[in-house]
Amino acid sequence: MKKQIRDMNLKELGGLICDALIVQGIHVVLSGGSCVEIYSRGEYTSWDLDLITNIMNSLKKFVP
C-alpha cells in the first residue's frame, strides 16, 4: 500500500514531487530551508519545498 501524501515527511514528499517532474522531463533540485532541514536531520524546520530548475528547459515543457 502506498503512503498517503498527508503521512509523508518532507524528504518523502520532496522525492515524490521530484520523481513526478522527472517523468515529465523537468529536472529540479531541492534548495532552501527544506534542504537544510533534511541535511541537519531536523535541527532546522521548514514548512515548504523550494525547487529550482533551468527555467528555459522547463518552460519548453509547459508552453507549446
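Residue by residue, here is whether (1) in contact with a strand residue (DSSP E or B) (Cβ under 8 Å, 6 or more places away or on another chain); (2) modelled with pLDDT of 80 or more; (3) surrounded by 11 or more Cβ atoms within 10 Å (Cβ to Cβ) holds:
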position	(1), (2), (3)
N9	no, yes, yes
E12	no, yes, yes
I17	yes, yes, yes
V23	no, yes, no
H27	no, yes, yes
G33	yes, yes, yes
I38	yes, no, yes
E43	no, yes, no
S46	no, no, yes
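So that you can scan it fast, the table gives a plain yes or no per residue for (1) in a strand (DSSP E or B); (2) out of contact with any helix residue (DSSP H, G or I) (no Cβ under 6 Å at 6 or more places or on another chain); (3) among the small types (G, A, S):
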site: R6; (1), (2), (3): no, yes, no
site: L16; (1), (2), (3): no, yes, no
site: D19; (1), (2), (3): no, yes, no
site: I22; (1), (2), (3): no, yes, no
site: I26; (1), (2), (3): no, no, no
site: C35; (1), (2), (3): no, yes, no
site: I38; (1), (2), (3): no, no, no
site: R41; (1), (2), (3): no, yes, no
site: S46; (1), (2), (3): no, no, yes
Out of all the residues in the stretch 52-60, is one or more surrounded by 14 or more Cβ atoms within 10 Å (Cβ to Cβ), touching a strand residue (DSSP E or B) at 6+ places or on another chain (Cβ under 6 Å) and at pLDDT 85 or above?
-> no
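The values are calculated or read from the model by the stated rules, or taken from the named source; none is laboratory data. Predicted model only: the values in this text are computed from it and were never measured. We place every Cβ from the backbone using ideal geometry, glycine too, and count neighbours over all the protein chains shown.
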